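Peer 1: Got a structure here, written out as structure tokens. Questions coming.
Throughout, read-outs are computed from the coordinates displayed, never taken from laboratory work. As the structure is a computational prediction, the values presented were derived from the model and not from experiment. Don't worry about glycine lacking a Cβ; one is built from the backbone with ideal geometry, like all the others, and counts go over all protein chains shown.
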There are 2 protein chains.
Amino acid sequence: MVIHSSSNSYKIILGEQIRFALSDFLSKDYSSVFVITDEKVAALYLADIIGNFSSKKVYESIIPHGEQSKSIESFYKLQTEAITNGLDRNSLIIALGGGVVGDLAGFIAATFMRGIDYIQIPTTILAHDSSVGGKVAINHELGKNLIGSFYPPVAVIYDIDTLKSLGEREVRSGYAEIVKEALIADESMFNTLLMTNICSVSNEQLQEHLAYGINVKANIVEADEKESGIRKYLNLGHTLAHALESELGYGALTHGEAVAIGLLFSLHVSEDVFQHPLPFQELYTWLSDNGYPTSLHAWNVDSLISKMKSDKKTVNKKIQMVLLKEIGKPTTKEIDDLSMKAYLVSFIRKLVNQ
Amino acid sequence: MVIHSSSNSYKIILGEQIRFALSDFLSKDYSSVFVITDEKVAALYLADIIGNFSSKKVYESIIPHGEQSKSIESFYKLQTEAITNGLDRNSLIIALGGGVVGDLAGFIAATFMRGIDYIQIPTTILAHDSSVGGKVAINHELGKNLIGSFYPPVAVIYDIDTLKSLGEREVRSGYAEIVKEALIADESMFNTLLMTNICSVSNEQLQEHLAYGINVKANIVEADEKESGIRKYLNLGHTLAHALESELGYGALTHGEAVAIGLLFSLHVSEDVFQHPLPFQELYTWLSDNGYPTSLHAWNVDSLISKMKSDKKTVNKKIQMVLLKEIGKPTTKEIDDLSMKAYLVSFIRKLVNQ
């Protein structure tokens with residue numbers, strides 16, 4: 001698959017064992033390579049990646065696993081390492097890992113000496129979403145992904161063998177974004193997913209679902225790289241999800257778990273706004289059956305609303321939500337604070353009464 | 001003058017009193033405005049700028065004057081203010097001030113919510129260079145401008161009346177970049193400048209010199225936005241200048257004073273490399289007559305060389321210098337460490353013997 005962005009075109013390659021053949025996908029002779037990964041992924045795949053570059057200077061940095069690594073402190077520390085390792089404008093950064101590594105390493109690449117090349121080697125299902133489209137960022141303590149760039153990689157190299165090492169919770173987290181992509185694009189895929197038990201999915205099915213998700217994402221990103229229009233639809237479920245992650249502390253829910261709740265909330269609000277039935281109940285049942293957390297502790301509704309306002313879709317301090325007129329027909333709508341409060345209260349009640 | 005960048009086109013407007021008529025140059029209805037300026041400029045022109053937006057929410061942030069404000073700490077603090085002021089993707093940032101303000105505010109605009117609009121309102125001569133071309137950055141403690149982006153403004157609005165408040169040292173600093181542009185582009189302009197006493201320059205002359213400098217810069221930047229080729233020539237004199245600024249501590253020399261010494265050094269090396277006489281002596285005399293510091297304290301040559309290697313033109317840890325085959329004919333050349341050391345030693349001797 002090839003993505004055409006405003007600044008370059010880049011390939012997304014899915015395959016087995018391709019982490020051992022990176023040079024097949026690189027078209028430039030880089031002066032040095034800097035692999036950024038986390039402690040969990042390093043133990044499994046770092047040596048495989050480094051093995052590709054026996055004739056080059058290769059540096060590595062291993063960050064702590066988890067969202068807290070997307071901080072300004074990690075950002076500055078990695079910049080320091082890039083400088084002291086002697087990286088230059090002809091160096092390559094490799095983001096080896098999940099979304100956290102991809103977002104952070106991508107933002108380092110975007111800003112080191114005003115931008116150098118990088119590739120994404122995603123090792124989670126969730127990262128199929130973040131590794132495509134060039135969105136890179138770190139978190140601010142007041143909100144997720146608030147500091148970042150649109151900066152496309154030179155390639156996304158997806159070795160699906162690396163997904164075998166994922167735990168159940170990570171599989172779940174990744175599938176939430178595939179469900180989101182189906183809700184945005186295509187009722188039949190949504191129905192297929194609702195028949196899938198994600199804990200016993202085959203390698204073949206997984207590759208098919210991943211390719212589907214990437215395809216939805218790629219088409220949207222090509223049409224609207226800088227999110228001035230339809231790219232916003234990819235935020236379905238994310239207004240509440242980001243607020244929940246920030247409210248509960250990053251890591252209390254996985255990103256996908258938060259998105260799953262956010263998707264239910266989008267359906268809840270959409271049903272009311274468009275007075276049109278949506279498969280809230282079906283999605284709720286599937287999420288429960290597949291082990292997603294759906295009964296949650298007391299939420300502070302006011303605090304959530306204030307957090308939702310630092311969402312990047314917000315305009316003039318009014319929350320803009322992505323809603324569904326029907327499956328495959330997303331749209332955005334401004335929701336005022338009072339309505340939002342009412343929706344959150346009725347949503348919580350609905351979850352409690354399940 | 002209109003600059004065409006890969007992502008947008010933007011106008012550069014030079015004129016008198018145009019700081020009172022900003023709306024004439026803005027084509028969008030922004031949700032709010034965030035003016036970033038420094039304490040010196042704020043006292044003179046902040047009220048004038050705010051006066052343009054009586055019907056809008058306008059926020060301001062006043063940073064300390066000087067290079068130390070281009071730090072990661074200032075960067076994060078301004079991001080925090082942007083968030084707490086409720087800026088959104090339809091907000092406008094205004095960089096009101098010299099190069100430090102422009103670089104910092106521009107990098108905030110480049111990275112806040114992955115990029116929002118900003119305009120440059122330069123208030124120094126020096127900033128004619130930095131405000132055009134979309135280079136934005138902050139400093140790393142290990143080197144200048146190492147963290148940044150290519151991110152063009154939506155307009156550069158140059159009210160030349162604001163230049164009347166500049167001190168002699170700032171005029172000098174600005175003219176060094178105009179001299180650089182002449183050396184890159186055009187022998188006759190270089191000769192004209194050498195006949196100019198910059199302390200008694202008329203408003204008319206200044207506007208002409210500024211327009212000339214911007215024009216040289218604009219042509220180069222259009223041809224090579226991301227500095228893969230000829231844009232490097234704009235770094236004439238800067239390899240040593242950046243190292244000197246870092247070595248002596250930012251602020252010990254103004255940027256232009258450091259560039260002036262760097263230009264002399266480029267001529268010194270160029271004469272040797274191309275065995276072709278260049279107006280080293282003429283430039284030296286003009287710089288001295290116009291009050292540039294040319295006799296300097298003891299330099300640590302090894303430390304300078306190590307600093308020169310963190311220059312962004314460095315490839316494979318080899319310093320790349322911009323040299324002149326003749327005036328108007330720049331080129332780049334790799335200089336190995338031993339030669340660089342010899343050049344620095346002979347240059348210092350030459351300066352001492354003047």
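Peer 1: Amide H neighbours of B:H140 under 5 Å, counting only residues 5+ apart in sequence or on other chains, H built in-plane at 1.01 Å?
Peer 2: B:N145, B:L146, B:I147
Peer 1: Another question, if that's okay. Mind running the shape call on the stretch A:1-129? Use the C-alpha gyration tensor, a ≥ b ≥ c as the square roots of the eigenvalues: rounded below 1.5 for a/c, prolate if a/b tops b/c, oblate otherwise.
Peer 2: Rounded, because the longest to shortest axis ratio a/c is under 1.5.
Peer 1: Okay, next question. Enumerate the amide H contacts of B:S5 below 5 Å, restricted to partners 5 or more residues apart or on another chain; note that Pro and chain-start residues carry no placed amide H.
Peer 2: B:Y10
Peer 1: For a quick size check, give me the Cα extents of chain A along its three principal axes, largest first, whole Å.
Peer 2: 62, 42, 35
Peer 1: Out of every Cα-Cα pair in the protein assembly as shown, what percent are more than 50 Å apart?
Peer 2: Counting pairs separated by more than 50 Å, the tail of P(r) holds 18 percent.
Peer 1: Same structure again: Quick one: which of B:90-98, B:268-276, A:266-274 comes out on top by average Cβ neighbours within 10 Å, and what's the full order, highest first?
Peer 2: Listed from highest to lowest mean packing, they are B:90-98, A:266-274, B:268-276.
Peer 1: Once you put a point 7 Å from the Cα of B:A342 and another 7 Å from the Cα of A:T80, both along the Cβ direction, what distance in nm separates them?
Peer 2: 3.8
Peer 1: Here is a follow-up. Taking A:L351 in one copy and the same position in all the others, each labelled 7 Å out along Cα→Cβ, what are the pairwise distances from the first, in nm, shortest first?
Peer 2: Taking the point 7 Å beyond Cα along Cα→Cβ, the inter-copy spacings are 6.6 nm.
Peer 1: Follow-up question, since we're still on this one. Please go through the residue pairs A:K309/A:K341; A:K70/A:K180; A:K77/B:K232; B:K70/B:K232 and name each one whose alpha carbons sit more than 18 Å apart in this structure. Please report the intermediate quantities before stating the final value.
Peer 2: On the way: A:K309/A:K341 13 Å; A:K70/A:K180 24 Å; A:K77/B:K232 28 Å; B:K70/B:K232 22 Å.
Check vs 18 Å cut-off fails for A:K70/A:K180; A:K77/B:K232; B:K70/B:K232.
Peer 1: For A:D29, place a label point 7 Å out from Cα along the Cα→Cβ vector, do the same in each other copy, and report the separations in nm, one decimal, smallest first.
Peer 2: 5.7
Peer 1: With the cut-off at 1.5 for a/c, could you classify the stretch B:185-261 from its C-alpha gyration tensor as rounded, prolate or oblate?
Peer 2: On the way: a/c = 2.17, a/b = 1.10, b/c = 1.97.
Oblate, since a/c reaches 1.5 and b/c is not below a/b.
Peer 1: Do the alpha carbons of any pairs in A:K313/B:K57; A:K313/B:K312; A:K57/B:K350 sit beyond 30 Å of each other, and which pairs?
Peer 2: A:K313/B:K312; A:K57/B:K350
Peer 1: Okay, moving on. If the stretch A:210-354 were replaced by its equivalent ellipsoid, with semi-axes equal to the square roots of 5 times the Cα gyration tensor eigenvalues, what would those be, largest first, whole Å?
Peer 2: Sorted largest first and rounded, they come to 22, 19, 16 Å.
Peer 1: Using unit Cβ charges (K, R positive; D, E negative) and no other charged atoms, how large, in debye to the nearest 20, is the dipole of the stretch B:2-165 about its Cα centre?
Peer 2: Here the stretch B:2-165 has a charge dipole of around 320 debye.
Peer 1: Related question: Other chains near A:133-140: what is the mean number of their Cβ atoms within 10 Å of each residue's Cβ?
Peer 2: Details: counts 0, 1, 1, 2, 3, 2, 0, 6.
Mean shielding by partner chains, rounded to a whole number: 2.
Peer 1: State whether the stretch A:141-273 is rounded, prolate or oblate according to the following rule on the C-alpha gyration tensor (a ≥ b ≥ c being the square roots of its eigenvalues): a/c under 1.5 gives rounded; otherwise a/b larger than b/c gives prolate, and the remaining case gives oblate.
Peer 2: Rounded is the answer for the stretch A:141-273, as its axis ratio a/c remains below 1.5.
Peer 1: Using a Förster radius of 30 Å, what is the FRET efficiency between B:Q68 and B:S288 based on their Cβ-Cβ separation? Nearest 0.05, please.
Peer 2: After rounding, the FRET efficiency stands at 0.55.
Peer 1: Enumerate the amide H contacts of A:F34 below 5 Å, restricted to partners 5 or more residues apart or on another chain; note that Pro and chain-start residues carry no placed amide H.
Peer 2: A:Y59, A:L92, A:I93, A:I94
Peer 1: Continuing with this model, one more query. Hey, rough spin-label estimate for B:Q281 and B:A211, points 7 angstrom out along Cα→Cβ, what's it come to in nanometres?
Peer 2: 3.6
Peer 1: Between the label point of A:A43 and that of the same position in each other copy, find the distances and list them shortest first in nm, with every label point placed 7 Å from Cα along the Cα-to-C-beta direction.
Peer 2: 5.9
Peer 1: Kindly provide the helix-only [θ] at 222 nm of chain B, computed as the sum of -39,500 (n - 2.57) over DSSP H runs of four or more divided by all residues, to the nearest 500 deg cm²/dmol?
Peer 2: Theoretical 222 nm ellipticity from helices: -13000 deg cm²/dmol.
Peer 1: Next question. Using θ = phi - 60° and the Karplus curve 6.51 cos²θ - 1.76 cosθ + 1.60, what whole-Hz ³J(HN,Hα) does each residue of the stretch A:257-274 get, with Gly and Pro shown as x?
Peer 2: In residue order, the calculated couplings are 4, 5, 5, 4, 5, x, 5, 4, 5, 4, 5, 4, 5, 4, 4, 6, 5, 9 Hz.
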